[in-house]
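Before any comments, here is the structure.
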2 protein chains.
Amino acid sequence: MNIGDVAALSGLPAKTIRYYEDVGLVKPLRSTNGYRTFRESDAHKLAFLGRSRALGFSIEDCRNLIALYEDEKRASAEVKDIAEQHLERIDDKIAELKEMRATLAHLVDACAGDHRPDCPILADLATKHRDEEQLKNTAL
Amino acid sequence: MNIGDVAALSGLPAKTIRYYEDVGLVKPLRSTNGYRTFRESDAHKLAFLGRSRALGFSIEDCRNLIALYEDEKRASAEVKDIAEQHLERIDDKIAELKEMRATLAHLVDACAGDHRPDCPILADLATKHRDEEQLKNTAL
DNA sequence: TCTAGGGCTTCCACCAACTGGAAGGTCAAG
DNA sequence: CTTGACCTTCCAGTTGGTGGAAGCCCTAGA
């Protein structure tokens with residue numbers, strides 16, 4: 001299989017597949033004309049990567065997941081551990097975004113959004129808040 | 001004020017402030033020894049930037065917000081528009097993360113996480129799913 | 001047989017928003 | 001006079017690719 005074929009199969013852009021080779025996630029063979037030659041196992045691995053990335057796993061996580069996938073004697077605990085850590089990162093990120101969202105929604109709500117210059121959003125951004133860094137410092 | 005002072009005041013690292021100068025967000029003066037000299041207005045602007053960035057606004061958004069902030073004749077509608085677009089991006093991101101989270105939590109739940117190699121997480125990652133790109137293609 | 005087109009190759013640059021570190025100038029205190 | 005805290009610039013690296021240029025390779029059609 002050439003890169004185009006495996007790209008169609010895995011749903012990944014050819015560029016991305018070359019990048020994955022660069023970072024050592026796949027190691028396709030080369031045919032005499034210099035073209036990459038992908039085996040079934042490479043195609044499979046790329047699909048695995050596509051799905052892992054879609055779940056937000058980092059490239060490093062993917063590297064570890066693939067190693068575990070290929071290790072017949074793995075302990076599922078190791079996989080679960082990676083997944084749980086990732087889950088935690090996702091939860092943190094969601095919490096962070098929700099907090100931003102709440103503040104922002106509140107400000108947007110308070111803003112008339114008309115031709116007049118008065119704007120609670122700008123007013124808020126321009127105002128010191130109780131829990132900011134520089135106040136933490138002076139509080140010590 | 002030197003950069004260290006304004007860093008303490010704004011809560012931003014000195015490196016970040018230099019970066020903001022690089023991208024044209026602040027324009028401190030220079031004293032004869034080459035040190036950056038920040039006015040009150042610069043410190044104020046940097047604090048504004050810190051709060052905007054904390055709400056997730058991009059540097060470009062910040063540039064626009066500051067321009068509006070400094071424009072006495074702005075229409076609050078312009079500010080609200082930027083904020084609403086950002087709110088939408090945040091909502092999209094939250095939705096995406098929640099979907100990841102749901103899938104991942106389900107898989108983590110199903111995994112024993114013990115010494116045995118059997119792992120539903122890996123099994124799922126290794127399996128084609130109905131709605132993947134390569135199947136969309138063949139379905140046409 | 002030539003040519004046009006796609007597909008493939010490499011390499012370099014760029015994106016956001018910083019962050020780390022090296023090499024070196026400046027300044028106030030002891 | 002030296003030490004140490006600041007400050008300067010510049011270069012490189014981070015994450016995960018994406019875009020484009022220059023240039024092979026291969027096949028089908030005139």
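The values are calculated or read from the model by the stated rules, or taken from the named source; none is laboratory data. Model, not experiment: these values are computed from the prediction. Glycine gets a Cβ as well: all are built from the backbone with ideal geometry, and neighbour counts include every protein chain shown. We work out accessible area using only protein heavy atoms, side chains counted, and drop any ligands, DNA or RNA first. Shrake-Rupley method; radii C 1.70, N 1.55, O 1.52, S 1.80 Å.
Quick look at the values:
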read-out: Cross-chain or 6+ apart pairs with Cβ under 7 Å, segment A:23-42 first and in the same structural domain as A:Leu12 (by TED's automatic domain parsing), then among the basic types (Lys, Arg) and away from DNA strand C (no atom under 12 Å from the Cβ); value: A:Leu25/A:Arg63; A:Val26/A:Lys45
read-out: Candidate set: segment B:11-41, residues that are under 19 Å from B:Asp61 (Cα atoms) and within 14 Å of another protein chain (Cβ to nearest Cβ); chosen: the one farthest from DNA strand D (Cβ to nearest atom); value: B:Leu25
read-out: Qualifying residue in segment B:21-37 (condition: part of a helix (DSSP H, G or I) and closer than 19 Å to A:Met100 by Cβ); value: no
read-out: Enumeration of residues in segment A:46-69 that are within 9 Å of chain B (Cβ to nearest Cβ) and free of Cβ contacts under 8 Å to residues at least 24 places away in the same chain; value: A:Phe48, A:Arg51, A:Ser52, A:Ala54, A:Leu65, A:Leu68, A:Tyr69
read-out: Sole residue being modelled with pLDDT of 95 or more and either within 16 Å of DNA strand D (Cβ to nearest atom) or out of contact with any Asp or Glu (no Cβ under 9 Å at 6 or more places or on another chain) (or both), chosen from B:Ala75, B:Ala7, B:Ala47; value: B:Ala7
read-out: Residue in segment A:109-116 that is farther than 16 Å from B:Gly56 by Cβ and surrounded by 17 or more Cβ atoms within 10 Å (Cβ to Cβ) present; value: yes
read-out: Residue in segment A:48-67 that is within 16 Å of DNA strand C (Cβ to nearest atom), among the aliphatic types (A, V, I, L, M), open to solvent by 40 Å² or more (accessible area, probe 1.4 Å) and within 23 Å of the chain's Cα centre (by Cα) present; value: no
read-out: Count - residues of segment A:83-95 that are more than 8 Å from chain B (Cβ to nearest Cβ) and either surrounded by 13 or more Cβ atoms within 10 Å (Cβ to Cβ) or over 24 Å from the mean Cα position of the chain (by Cα) (or both); value: 1
read-out: Top-ranked residue of segment B:15-45 - restricted to ones that are more than 9 Å from DNA strand C (Cβ to nearest atom) and among the small types (Gly, Ala, Ser), ranked as most open to solvent (accessible area, probe 1.4 Å); value: B:Ser41
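Results for (1) touching a residue at least 24 places away in the same chain (Cβ under 8 Å); (2) open to solvent by 50 Å² or more (accessible area, probe 1.4 Å); (3) out of contact with any Leu (no Cβ under 9 Å at 6 or more places or on another chain), shown as yes or no for each residue.
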position: B:Asp71; (1), (2), (3): no, yes, yes
position: B:Asp81; (1), (2), (3): no, yes, yes
position: B:Arg101; (1), (2), (3): no, yes, no
position: B:Ile121; (1), (2), (3): no, no, no
